[in-house]
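Novice: Take this structure, written in structure tokens, and hold onto it; I'll ask about it next.
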Amino acid sequence: MLDRFHNEGTLTGDTEEDQFLRTHPEAALLGLLYDQRVRAEYAFTGPRRLFDRVGFLDMKRLAEFEPEALREVFSPPPLAVHRFSNKMADYTRQVAQAIVDTYDGNVANLWNDGAGSDTLKKRVTALPGFGPGKAAKIKFVLHYLGYRDFSREDSAGE
């Protein structure tokens with residue numbers, strides 16, 4: 001993923017998909033959530049497939065989605081939202097609920113207060129479906145997509 005950033009100037013391999021991630025902060029977070037046992041390029045285009053199927057990425061609405069209905073949205077061919085449709089559908093609802101409960105339904109509130117990357121990693125790790133590996137990538141994803149500039153942060157993180 002990071003090699004593609006440096007060599008090709010794109011996260012997904014498709015500049016339109018990258019633009020979708022830049023204009024939908026929810027997609028950036030969900031793309032990172034989906035970055036599990038699939039190629040990063042596929043993971044980060046998953047939120048677009050979800051959006052195309054339901055018409056939104058609003059965290060409040062995703063949190064209220066009926067679990068079985070969301071699982072069905074994740075799985076249709078030819079391209080599922082994620083390889084593990086049921087698991088990621090459930091994580092999507094759980095993350096959406098956590099964003100509603102903790103960040104007033106606005107995913108950008110997770111990072112828009114200027115907190116350093118160490119704090120941001122802790123916040124992301126607290127979300128369902130995120131471990132330390134995914135959390136470590138958040139600053140690169142946010143920086144690349146233009147949501148946060150971490151270039152002035154020292155190597156310690158804060």
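Novice: Return the FRET efficiency for the residue pair ARG53, ALA126: r is the Cβ-Cβ distance, R0 is 30 Å, and the value is rounded to the nearest 0.05.
Specialist: Here the calculated transfer efficiency is 0.60.
Novice: I'd like to check one number: the per residue accessible area of the chain, probe 1.4 Å, reported in Å² as a whole number.
Specialist: Accessible area per residue, the chain: 49 Å².
Novice: Can you tell me the dipole magnitude for region 33-107 around its Cα centre, using point charges on the Cβ only (Lys, Arg +1; Asp, Glu -1), in Debye to the nearest 20?
Specialist: The calculation lands at about 320 debye.
Novice: According to a simple spin-label model (label point 7 Å from Cα along Cα-to-Cβ), what is the distance in nm between ASP14 and LYS60?
Specialist: 3.0 nm
Novice: I'd like the trypsin sites (Lys or Arg not before Pro) in region 11-43 restricted to DSSP loop residues with at most 16 other Cβ atoms within 10 Å, sorted by number.
Specialist: Within region 11-43, the qualifying trypsin sites (Lys or Arg not before Pro) (loop, at most 16 other Cβ atoms within 10 Å) are ARG37, ARG39.
Novice: Now a separate question. Using the basic label-point model (7 angstrom from Cα toward the beta carbon), what is the ASP113 to ARG22 distance in nanometres?
Specialist: 2.8 nm
Novice: Right, next: Charges on Cβ only, +1 for Lys and Arg, -1 for Asp and Glu, centred on the Cα centroid of region 24-89; of VAL73, LEU32, LEU62, which one is farthest towards the dipole's positive end?
Specialist: Ranked along the dipole, the leading option is LEU32.
Novice: Can you give the helix-only mean residue ellipticity at 222 nm for the chain, where every DSSP H stretch with n ≥ 4 adds -39500 (n - 2.57) and the sum goes over all residues, rounded to the nearest 500 deg cm²/dmol?
Specialist: -18000 deg cm²/dmol
Novice: On to the next question. Roughly speaking, to the nearest percent, how much of the chain's 1.4 Å accessible area is carbon and sulfur?
Specialist: On the chain, the fraction of accessible area on carbon and sulfur atoms equals 46 percent.
Novice: Dipole magnitude of the chain about its Cα centre, charges +1 at Lys/Arg Cβ and -1 at Asp/Glu Cβ only, in debye to the nearest 20?
Specialist: 360 debye
Novice: Tell me which residues come under 5 Å, amide H to amide H, from GLN36 once H is placed; ignore anything under 5 positions away on its chain.
Specialist: Under 5 Å from the amide H of GLN36: no residue qualifies.
The values are calculated or read from the model by the stated rules, or taken from the named source; none is laboratory data. None of these values were measured; they are calculated from a predicted model. Please note: Cβ atoms are built from the backbone with ideal geometry, for glycine as well, and neighbour counts cover all protein chains shown. What goes into the accessible areas is simple: the full protein's heavy atoms, side chains included, and nothing from ligands, DNA or RNA. Shrake-Rupley method; radii C 1.70, N 1.55, O 1.52, S 1.80 Å.
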